[in-house]
Amino acid sequence: MSVARENVEAAPSATIEDYYHEGREFPPSEEVRERALIADRSLYEAADADWEGFWATQAAALDWFEPWKTVCEWELPFAKWFNGGKLNVSYNCLDRHVLAGNGGRVAYYWEGEPGDQRVITYAELLDEVQRFANALKGLGVTKGDRVAIYMPMIPEIVVAMLACARIGAPHSVVFGGFSPDALRDRINDASAKVLVTADGGWRRGAVVPLFENAAPILSDTRSIEHVVVVQRTGDGDVPLMQPGRDHFWHDLVLEADAECPPEPMDSEDLLYLLYTSGTTAKPKGIMHTTGGYLTQVAFSHRYVFDLHPDTDVYWCAADCGWVTGHSYIVYGPLANGCSSVMYEGTPDFPSKDRWWEIAERYRVTTLYTAPTAIRTFIKWGSEYPRAHDLSALRLLGSVGEPINPEAWVWYWEHIGGGRCPVVDTWWQTETGAILVAPLPGVTSLKPGSATFPLPGIGAEVVDDAGNRVERGGGYFTLTRPWPAMLRGIYGDPERYRETYWSRFPGRYFAGDGAKVDEDGYLWFVGRVDDVMNVSGHRISTTEVESALVDHPSVAEAAVVGAKDETTGQGIVAFVTLRGGMQVDASDKHGRELRDHVAQRIGPIARPKVVIFTDELPKTRSGKIMRRLLRDVAEGRDLGDTTTLADVGVVDEIRRRAEASPTED
Ligand code: WT7
């Protein structure tokens, strides 16, 4: 991956100066320290003294069928963790707790958007997982086969993931908000044999008909042999279901055996694929394996959230379609035997206090969400949380993008009542687990800073030349392997090396800029590559551009992420139309293009605005100068509607393009 220097100054949606003005520090209170699992530097010291021994201790907290032979084998950039060891993820998440007498503990308090509720214990979850695992076997799924999952946030999505893990079939969860086209590409890249989906899911009071949407693309997926459909929103026939190929979930589990022994998996066997956007148009299938991944998600979940599994009610308000859901709704929390809340719908249905009503009802102690959600709540007003008893809360988490100090302080005051540490957690799909975050009983918090690398993590900020920056800004890199690290990109080992390990030899770099302040605190400032972050979701500029040029009217498109008060960044598209086409650069056509992108990729990728230009500013070598476009996009109040840039703006773009040095 080449990272152009220009982007370093241009990409961050927040600057360190934005953060510094807050100035306040929040050391752990007496109360927080007293109940903390860790209230001193012991974990950091243990990791520093014996790095491999430290991770071996964490791995030993899991149940292994056979012990590992080596802790870490490192042949840059390929790592093997706990090699030779055998274990099963679903056994560690379920059987282990049931065998220890905790089968009656609640695994999930689930709430559907219409208000339906289910309380599922560990014993019940184990039962459902075994039955569905047998159902998958009955459809011909064997160890190593890939299973695609395209589902709403219902308990069955967790059951499906764990059932795959139980029989050693790697899952590939595709976010239910992605388009059928995106689903098709991911199914084909992984050659998935079975698709698990639902008739629909609830969103803002309406049904999203997942199966019906997906059915037409199935003829373009040669590998799919069977489809399993959960009946969530209806109770009758589902249109387009094909006998023989498609089956109802409830029919399959009714016939399935109640017992399914867990498949002993090698520590390095593939647990799942999860597709994420990069700097090219083709999403990458990030590979996560078994032993190291589970070790690190369990470790980080326990210590970052200071977990007390017998008393906590933990709620990660993400979707299982993202890595946050994989690691911190499913695998981390279940490995640690904790009780979670899981919610299907949107925060404003039926009213803007839905989350706070849920938090009150289940006496949620720990809430993990994204800055974009917090900023939305700020906009709605503090009266919504104030109307509810949130006194059970004791810890708050943030993930997905830099959290601005204003949002941090609002979260601290209006949700946490001034008593709950706010842990800002930095990580990525690729890292599998949180790598940078405070330990709530140890770290003094600065609003807007993710603070320090966790124990056992080697991280450094470096300059352009790859030299360590002790104080000041640069690129965030990792200096050592870590157990939950991606093992590669599915089907493309070269791309793995090139994308993450080539920019700074010997170091992992995946696109984030960061600064180190005078006390050594880390401040992430946003991506330095052509990747946007919209509401905590990673979207590639190139992917949106190729969706745009795939519309018959578009000659060329350039897409930038421009600062947005609520979503962090918003997608702004500059488009030149084909000459001779019977379309004009109208608002109406702009809307059509925005819809076209939403249809190709998913609603999250819909540009906020389309600006028609006669020409795009380019370097002499033909590279589009996104920095310039970002300047234009951020310097003007473009509003929420489609706008035709006036000639002046286009002239201005051209004038500045010519005045700038050639950048290759
Ligand atoms: C990118 C990863 C990790 C789960 C959600 C997103 C940004 C993530 C933070 C944070 C600043 C953050 C980074 C990263 N990011 N957390 N606490 N502070 N930036 O996963 O889709 O893989 O995106 O999200 O830019 O590279 P993802």
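When Ala562 is tested against (1) crowded, with 18+ Cβ neighbours inside 10 Å; (2) under 25 Å from the mean Cα position of the chain (by Cα); (3) not in a strand (DSSP E or B), just one condition goes unmet, and that condition is (3). I'd like to know if the stretch 459-479 contains one or more residues that are crowded, with 22+ Cβ neighbours inside 10 Å, within 27 Å of Ile624 (Cβ to Cβ) and near the ligand (Cβ under 10 Å from one of its atoms). Yes; the residues of the stretch 459-479 include at least one that is crowded, with 22+ Cβ neighbours inside 10 Å, within 27 Å of Ile624 (Cβ to Cβ) and near the ligand (Cβ under 10 Å from one of its atoms). Within the stretch 57-102, the residues that satisfy the criterion of being polar (S, T, N, Q) and touching a residue at least 40 places away in the same chain (Cβ under 8 Å) are Gln58, Asn83, Asn88, Ser90, Asn92, Asn102. Summed over the stretch 390-428, the residues that are assigned to a loop (DSSP other than H, G, I, E, B), more than 18 Å from the chain's Cα centre (by Cα) and either away from the ligand (no atom under 11 Å from the Cβ) or modelled with pLDDT of 95 or more (or both) give a count of 11. The residues on offer are Phe612, Phe574, and the sole one that is crowded, with 24+ Cβ neighbours inside 10 Å, of a type in the set (Phe, Trp, Tyr) and at negative phi is Phe574. On the stretch given as the stretch 322-363, residues that are crowded, with 24+ Cβ neighbours inside 10 Å and either modelled with pLDDT under 95 or in a loop (DSSP other than H, G, I, E, B) (or both) total 1. Pairing each residue of the stretch 300-316 that is in a loop (DSSP other than H, G, I, E, B) with any residue that is hydroxyl-bearing (Ser, Thr, Tyr), provided the two are 6+ apart or on different chains, yields C-beta distances under 6 Å for Phe305/Thr366; Asp312/Thr365; Asp312/Thr366. Meeting the requirement of 2 or more residues that are hydrophobic (A, V, I, L, M, F, W, C) and within 16 Å of the ligand (Cβ to nearest atom), the strands (runs of 3 or more DSSP E) wholly within the stretch 195-278 are 270-276. Inclusion of Pro440 among residues that are under 24 Å from Phe504 (Cβ atoms), more than 13 Å from the ligand (Cβ to nearest atom), assigned to a loop (DSSP other than H, G, I, E, B) and touching a residue at least 40 places away in the same chain (Cβ under 8 Å) is not warranted.
I'd like the full set of residues that are farther than 23 Å from Val32 by Cα, of a type in the set (Phe, Trp, Tyr) and over 23 Å from the mean Cα position of the chain (by Cα), limited to the stretch 350-389. Within the stretch 350-389, Trp380, Tyr384 qualify. Considered as a group, the residues in the stretch 277-321 that are surrounded by 22 or more Cβ atoms within 10 Å (Cβ to Cβ) and of a type in the set (Ser, Thr, Tyr) include one that is modelled with the lowest pLDDT, and that residue is Ser277. Per the conditions (1) touching a strand residue (DSSP E or B) at 6+ places or on another chain (Cβ under 6 Å); (2) surrounded by fewer than 21 Cβ atoms within 10 Å (Cβ to Cβ), the sole criterion not satisfied by Asp492 is (1). Residues that are in contact with a helix residue (DSSP H, G or I) (Cβ under 6 Å, 6 or more places away or on another chain) and of a type outside the set (Lys, Arg) were ranked within the stretch 126-135; the one that is farthest from Phe248 (Cα to Cα) is Leu126. Listed by first and then second residue, the pairs with beta-carbon distance under 8 Å, at least 6 apart or on different chains, first residue in the stretch 396-414 and closer than 17 Å to Asp564 by Cβ, second basic (Lys, Arg) and assigned to a helix (DSSP H, G or I), are Asn404/Arg375; Ala407/Arg375. Only residues that are away from the ligand (no atom under 15 Å from the Cβ), among the charged types (D, E, K, R) and assigned to a helix (DSSP H, G or I) were counted across the stretch 529-559, and they come to 1.
Selection of the stretch 483-528 for residues being more than 14 Å from the ligand (Cβ to nearest atom), assigned to a loop (DSSP other than H, G, I, E, B) and among the aromatic types (Phe, Trp, Tyr) yields Tyr490, Phe504. Note on the stretch 93-189: enclosed strands (runs of 3 or more DSSP E) holding 1 or more residues that are aliphatic (A, V, I, L, M) and within 17 Å of Val229 (Cβ to Cβ) are 147-150, 171-173. Selection over the stretch 352-395 of residues that are farther than 26 Å from Lys563 by Cβ and among the basic types (Lys, Arg) gives a count of 5.
The values are calculated or read from the model by the stated rules, or taken from the named source; none is laboratory data. Being a predicted model, the structure only gives us computed values, none of them experimental. Cβ atoms come from the backbone with ideal geometry, glycine included; neighbour counts cover every protein chain shown.
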